[in-house]
Amino acid sequence: MGAIRPTLVKTVARQLYEKYEVNLSKDFIHNKEIVNKALPDASKKLKNLVAGYVTTYWKNKKMPKKRKEPEAEEFSM
């Protein structure tokens, strides 16, 4: 089962990703520092949720998933 995140977290994370895309990485701690600078008035929980989603979002954007090649079955009569 996947994590269910509120719309607010996703919206803020996507906006931060668009604005700070160059500075973000796959490292949660590094992204958390950037989120702390960008959202100084937010609660600690919200900052952690946003940093976590930014990290996941970054990984999905930068590292495309490897698709399995369907293996063709040999058919003989």
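Just so you know, in the stretch 21-31 the residues that are in a helix (DSSP H, G or I) and surrounded by fewer than 18 Cβ atoms within 10 Å (Cβ to Cβ) include one that is nearest to the chain's Cα centre (by Cα), and it is F28. Criterion applied to K37, K59, K45 was being at pLDDT 90 or above and closer than 18 Å to R5 by Cα, and the one residue passing it is K45.
Every test in (1) of a type outside the set (A, V, I, L, M, F, W, C); (2) surrounded by 11 or more Cβ atoms within 10 Å (Cβ to Cβ); (3) part of a loop (DSSP other than H, G, I, E, B); (4) free of Cβ contacts under 8 Å to residues at least 40 places away in the same chain is passed by R5 save one, and that test is (4).
The values are calculated or read from the model by the stated rules, or taken from the named source; none is laboratory data. Keep in mind the model is a prediction, meaning the values are calculated, not measured. Note that each Cβ is placed from the backbone with ideal geometry, even for glycine, and that neighbours are counted across all protein chains shown.
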